[in-house]
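**Student:** Take a look at the following structure, please.
Since every read-out is calculated from the coordinates, none of them should be taken as a lab result. What you are looking at is a predicted structure, and each value in this text was computed from that prediction instead of being measured. Cβ placement follows ideal geometry from the backbone for every residue including glycine, while neighbour counts extend to all protein chains displayed.
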Amino acid sequence: MRLAGRHVTPSCTPSAILADDLVALMAAIHHPRVTYLDYDEMLADPQVEAVIVATADQFHVAMTARALAAGKHVLVEKPLG
């Protein structure tokens, strides 16, 4: 399902593979304004001001560093590294 030309996921690990039906289900429940399947696409969007990193622990450092490098405010769950 495409909404406003994009997909959204609550979180997206660097190697995430997401089923379109899961994206459609989450969009139907939460009604996001915009959706992403690609973390870097989301980070490149100037409308995105902040990122919450709430993924598996092994992805925290890399995803947080990428978000900070993209100029986003970041809230990361612990542990960080």
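**Student:** Within region 53-64, work out how many residues are in contact with a strand residue (DSSP E or B) (Cβ under 9 Å, 6 or more places away or on another chain), in contact (Cβ under 8 Å) with a residue 40 or more places away in the chain and either of a type outside the set (Gly, Ala, Ser) or part of a helix (DSSP H, G or I) (or both).
**Tutor:** Count: 3.
**Student:** Could I ask something else about it? Would you point out which residue out of Ala28, Ala67 is out of contact with any helix residue (DSSP H, G or I) (no Cβ under 8 Å at 6 or more places or on another chain), part of a helix (DSSP H, G or I) and of a type in the set (A, V, I, L, M, F, W, C)?
**Tutor:** Ala28
**Student:** Would you be able to tell me the number of residues in region 51-61 that are surrounded by 14 or more Cβ atoms within 10 Å (Cβ to Cβ) and of a type outside the set (Val, Ile, Thr)?
**Tutor:** Qualifying residue count for the region: 2.
**Student:** Need pairs with beta-carbon distance below 9 Å; first residue farther than 16 Å from Ala70 by Cα and within region 34-46, second in a loop (DSSP other than H, G, I, E, B) and basic (Lys, Arg); sequence gap 6+ or separate chains.
**Tutor:** Partner pairs satisfying both residue conditions: Thr35/Arg2.
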